[in-house]
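Throughout, read-outs are computed from the coordinates displayed, never taken from laboratory work. Only a predicted model underlies this, so the values are computations on that prediction, with no experimental measurement involved. Using ideal geometry, Cβ is built from the backbone for each residue, glycine included, and neighbour counts are taken over all protein chains shown.
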Amino acid sequence: MNHPARCPLCDQEPESINHLLVSCVFSRVFWYRLLRKFGLHSLSPQQVEPSFLGWWENSSAQVLNMRKKGLDSLVALGAWMIWNHRNKVVFDGRTPSISFLLQAAEDEQETWRLAGAKGLSFLASQTT
């Protein structure tokens, strides 16, 4: 398979899963804006974040109960959305777009809530 030499979202660094999900400038902006909708933007990954799993564990440890469940669902959803967007950029020639990705994530959140993601429903109820 043809694979880009650098991250297809930022074109600044070699692609790795940790770069793609937490240290890529594109992904960090996405995380900040996604988490900001729920008042959790202080948990956004920082530039020096060594790993996705480490960031997720540290962030999850900072919230309790249903907010923790909501954050965990939101992180899983966000990672899934970044990966899908990356694939659309690589395989379909789509231009990286945070606006498009945020809208797609919002649509997917609704689907997850309807499917029973109680933590996401709780986060959403806290913002209204």
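A few points about this structure:
- Note on segment 1-27 and segment 67-107: Cα centroid distance 14 Å, given to the nearest whole angstrom.
- Size of electric dipole in the chain: Cβ of Lys, Arg +1 and of Asp, Glu -1, about Cα centre, debye, nearest 20: 340
- Distance-filtered residues of segment 7-45 - backbone nitrogen under 19 Å, label point 7 angstrom along Asn65 Cα→Cβ: 38-40
- Space enclosed by the convex hull of the alpha-carbon atoms of the chain, per residue, Å³: 103
- Estimated dipole of segment 8-55 in Debye, rounded to 20 [Cβ of Lys and Arg +1, of Asp and Glu -1, Cα centre]: 360
- Mean Cβ neighbour count within 10 Å, used as a protection proxy, ranking 117-124, 54-61 highest first: 117-124, 54-61
- R0 of 22 Å, Cβ-Cβ distance Lys37-Arg94: FRET efficiency to nearest 0.05: 0.45
- Dipole of segment 17-127, positive end: most advanced residue of Ile17, Gly119, Ser51 [Cβ charges, Cα centre]: Gly119
- For the listed peptides 87-96, 23-32, a ranking on the average number of other beta carbons within 10 Å per residue, highest first, reads 23-32, 87-96.
- Spatially close lysines, pair count over the chain: Cα under 21 Å, gap of eight or more or interchain: 5
- Entry note, segment 17-127: relative contact order of 31 percent, from Cα contacts under 8 Å with a spacing of 6+ residues.
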